[in-house]
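Here is the structure we will look at, set down as structure tokens.
The values are calculated or read from the model by the stated rules, or taken from the named source; none is laboratory data. All figures in this text were calculated on a predicted structure; none of them were measured in a lab. Here the Cβ is made from the backbone with ideal geometry for all residues, glycine too, and neighbour counts use every protein chain on show.
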Amino acid sequence: MALSRLSSRSNTFLKPAITALHSPIRRHVSTDTSPITIETAVPFTSHLCESPSRSVETSSEEILAFFRDMAQMRRMEIAADSLYKAKLIRGFCHLYDGQEALAVGMEAAITKKDAIITSYRDHCTFIGRGGKLVDAFSELMGRKTGCSHGKGGSMHFYKKDASFYGGHGIVGAQIPLGCGLAFAQKYNKDEAVTFVLYGDGAANQGQLFEALNIAALWDLPAILVCENNHYGMGTATWRSAKSPAYFKRGDYVPGLKVDGMDALAVKQACKFAKEHALKNGPIILEMDTYRYHGHSMSDPGSTYRTRDEISGVRQVRDPIERVRKLLLSHDIATEKELKDMEKEIRKEVDDAVAQAKESPVPDSSELFTNMYVKDCGVESFGADRKDLKVTLP
Amino acid sequence: MSAILQGAGAGAAAALTPFNSIDSNKFVAPSRSSLSVRSKSYIVAGSDDGTNKSFGSSSLIARRSQPLMIPNAVTATKADTAASSTSLKSGHELLLYEALQEGLEEEMDRDPHVCVMGEDVGHYGGSYKVTKGLADKFGDLRVLDTPICENAFTGMGIGAAMTGLRPIIEGMNMGFLLLAFNQISNNCGMLHYTSGGQFTIPVVIRGPGGVGRQLGAEHSQRLESYFQSIPGIQMVACSTPYNAKGLMKAAIRSENPVILFEHVLLYNLKESIPDEEYICNLEEAEMVRPGEHITILTYSRMRYHVMQAAKTLVNKGYDPEVIDIRSLKPFDLHTIGNSVKKTHRVLIVEECMRTGGIGASLTAAINENFHDYLDAPVMCLSSQDVPTPYAGTLEEWTVVQPAQIVTAVEQLCQ
């Protein structure tokens, strides 16, 4: 106890040097950018290519950022859970908790010029791309200030300026779209790549293989990332796929299997994949990950798996705990500091929820906007002209 | 007298009528069409009297009609030349598929973001020769030969469009696009809306459809009716080399997804089109033959059956007004409405199926909006609700023939 008080007092000397950070959290932790090398716990398995090295170059700042971002994503998803149960979020709500390492690890390896497209489990990917919490919550609650102005909902988050292309409700339909993004990058000679995320359920879709063929044929800079959380809604992978080695199913396309609960391994794999895709065309990354919630809020998540399994994964493989252990063992932060950080994040999320709750719902004229582009001052009517009428900009 | 206005390149400002919003006060009856949207940036063949009003009925008569058409693949029909022919200073004669190609090539020259993707569009030159020679000129990346995976390459086109490219996706036969229905409906139509306006999808999906010469059931489909409910897309059907080129160019320039329906049997229609650049309005119907007794609404190939029937009708003393609706979604209820108010009788002739077809929607729209102006119920002649049989005689019976049109007009005009 005395020791920690001592260390916190001594850290006040370091405070001025650290407050140059953008985060509102007053931190006393080490935010060194000097490189640290950490070995991933699980080796990579590869198909038709070499595995990247298990030693990942990172820094204190980066690991701390992982912790902060993942904790924020986790809190956001838990908050969404309560909002759904309070009937403020309706319809479908697919939560990402447990899979956060994928979102943060990927972001650490790429730039905002690289495109990401994913399925309906998109809340955390949106945040990872720079989306704001309040925009996410507003969209979930169907408010005008949401990222899609309340018209998309949980499954349709987009952020064009950060090259985040959504947010798609139909399983697997985003895969050809993602290849289209890669095609455009090649057409425009962008030197950027596209990460096309899909799940183990979508891995059995025909359009995946059609898109793989096209991407491999034309050397498109597409990286297909299979987020294997082992359950396609209620069906386990061994019951739906003859070959659950998703990284191998590309056949002629190289693949890599990655521990998706380890943010550093994800970062390493994505970095490797980006280099590969820019030179040699598509590559498949299979991320071995897990979701704690059911498929969506309507699914309890316990009818097809045991609670022991869920809590087992939570104890052994939780991505945030893993990073916490790293931070503590490398003396980057103390236990108390991390707990304070989590408290701040909790407050941040609660504030965002409160702000989103206050924001207005879209007015009825919004029903017809964004149907077509540039409506030229034309008047637009609903099927019943007398009721709804709006002049489009 | 010419109602053809020059394209944007010519910059002729004086004679141009900018887009006018449909002034709701001009409508006496409410319009059912959910919107009358104009795309930006291109000039249309609109009223040429210089006054700034929405399409007055008088200007429609002076509108472009086909002076001489010598179709060789279809029933030998000459468009009725009673309507004034446009005074073309110069022009060149070509076939419909060449007109499409010309439009496509001009747009690809104009904007490097325009690209074509489809099966056999590149090296083979297109199964109907619409993209012939383009791969040599523009390269493989801009005229992309895809493998046979409609779902994937349609999705790919839409994804590319999200970033700003302007792909033209060709379905070798419209019927094959059923495999891409998910992409067209959910992604193409809806992404602009669900993203709150962040993404635009300026794709053109085109291909031949319709009943051909004994092609069999699966290759004789009319998909207009399946696509018409998809919110967010526009549908147009071309029928002459003139409007084929004009609509192709307009569709490419439009920021909205447009489905351009061509017809297998119309590709070899020959016509003289202007040398100057021009574009057709995507949402406008075409007055083919003005008249007084009855309004006949049609599109695509049935236009020629109607014109052939019109010859017989004129000999019998009738004066039909023939309108090629061209815009299948949204309907040009302004033109149609003005015509109904004049003639009070409507006959719809279409190649779509009876059930849930374009004619069915149009009948509902006319009844809802112009009921007070009708002296007789709206009659709709459509194809039979059967898969198109192979046998030639049976196939003839599935589509509407000129004799049936004549009978229907006589019935309505009693």
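Data table
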item	result
Single unsatisfied condition, A:Ile170 versus (1) closer than 22 Å to A:Tyr290 by Cβ; (2) facing another protein chain (nearest Cβ under 7 Å); (3) not hydroxyl-bearing (Ser, Thr, Tyr)	(1)
Pick from segment A:342-390, criterion surrounded by fewer than 12 Cβ atoms within 10 Å (Cβ to Cβ) and in contact with a Ser or Thr (Cβ under 8 Å, 6 or more places away or on another chain), ranking: modelled with the lowest pLDDT	A:Ala383
Residue within segment A:61-69 that is in contact with a Phe, Trp or Tyr (Cβ under 9 Å, 6 or more places away or on another chain) and not acidic (Asp, Glu) present	no
Count - residues of segment B:318-374 that are in a helix (DSSP H, G or I), among the β-branched types (Val, Ile, Thr) and touching a Lys or Arg at 6+ places or on another chain (Cβ under 9 Å)	2
Unmet requirement for B:Met353, which otherwise passes all of (1) farther than 25 Å from B:Leu265 by Cα; (2) touching a residue at least 12 places away in the same chain (Cβ under 8 Å); (3) not hydroxyl-bearing (Ser, Thr, Tyr)	(1)
Failed item, numbered, when B:Ser300 is tested on (1) over 19 Å from B:Cys380 (Cα atoms); (2) part of a loop (DSSP other than H, G, I, E, B)	(1)
Unmet criterion (only one of (1) buried (at least 23 other Cβ atoms within 10 Å of the Cβ); (2) touching a residue at least 24 places away in the same chain (Cβ under 8 Å)) for B:Tyr226	(1)
Filtered residues of segment A:298-348 (kept if in a loop (DSSP other than H, G, I, E, B) and of a type in the set (D, E, K, R))	A:Asp299, A:Arg305, A:Asp318, A:Asp331
From the options B:Gly216, B:Gly246, B:Gly210, residue that is away from every other protein chain (no Cβ under 11 Å), buried (at least 19 other Cβ atoms within 10 Å of the Cβ) and on the phi > 0 side of the Ramachandran plot	B:Gly210
Residues within segment A:37-67 that are part of a strand (DSSP E or B) and touching a Gly at 6+ places or on another chain (Cβ under 8 Å), tallied	2
Set B:Ile294, B:Ile325, B:Ile348, B:Ile366: member being touching a residue at least 12 places away in the same chain (Cβ under 8 Å) and under 29 Å from B:Arg253 (Cβ atoms)	B:Ile325
Hits in segment B:155-195 (condition: β-branched (Val, Ile, Thr) and at the interface with chain A (Cβ under 7 Å from one of its Cβ atoms))	B:Ile158, B:Thr163, B:Thr194
Qualifying residues in segment A:210-254 (those that are surrounded by fewer than 18 Cβ atoms within 10 Å (Cβ to Cβ) and assigned to a helix (DSSP H, G or I)) - the one farthest from the other protein chains (Cβ to nearest Cβ)	A:Trp238
Leading residue by the ranking (farthest from A:Ala192 (Cα to Cα)) among those in segment A:173-182 that are at the interface with another protein chain (Cβ under 7 Å from one of its Cβ atoms) and modelled with pLDDT of 95 or more	A:Pro176
Candidate set from segment B:219-253 (those that are among the hydroxyl-bearing types (Ser, Thr, Tyr) and touching a strand residue (DSSP E or B) at 6+ places or on another chain (Cβ under 7 Å)); member that is nearest to B:Pro274 (Cα to Cα)	B:Tyr242
Checking A:Tyr187 against (1) in contact with a Cys (Cβ under 6 Å, 6 or more places away or on another chain); (2) at the interface with chain B (Cβ under 9 Å from one of its Cβ atoms), the condition it does not meet	(1)
Unique residue being among the small types (Gly, Ala, Ser) and either touching a strand residue (DSSP E or B) at 6+ places or on another chain (Cβ under 8 Å) or farther than 15 Å from A:Leu217 by Cα (or both) when the list is B:Ala152, B:Ala135	B:Ala135
Check on B:Leu265, crowded, with 23+ Cβ neighbours inside 10 Å, in a helix (DSSP H, G or I) and away from every other protein chain (no Cβ under 14 Å)	no
Sole exception among (1) more than 7 Å from every other protein chain (Cβ to nearest Cβ); (2) surrounded by fewer than 24 Cβ atoms within 10 Å (Cβ to Cβ) for A:His156, by number	(1)
Filter result for A:Ala101 (within 22 Å of A:Lys151 (Cβ to Cβ) and crowded, with 24+ Cβ neighbours inside 10 Å)	no
Residues of segment A:68-99 that turn out to be of a type in the set (Lys, Arg) and not in a loop (DSSP other than H, G, I, E, B), as a count	4
Of all residues in segment B:314-332 being of a type in the set (Val, Ile, Thr) and within 24 Å of B:Asn369 (Cβ to Cβ), the one that is surrounded by the fewest Cβ atoms within 10 Å (Cβ to Cβ)	B:Ile325
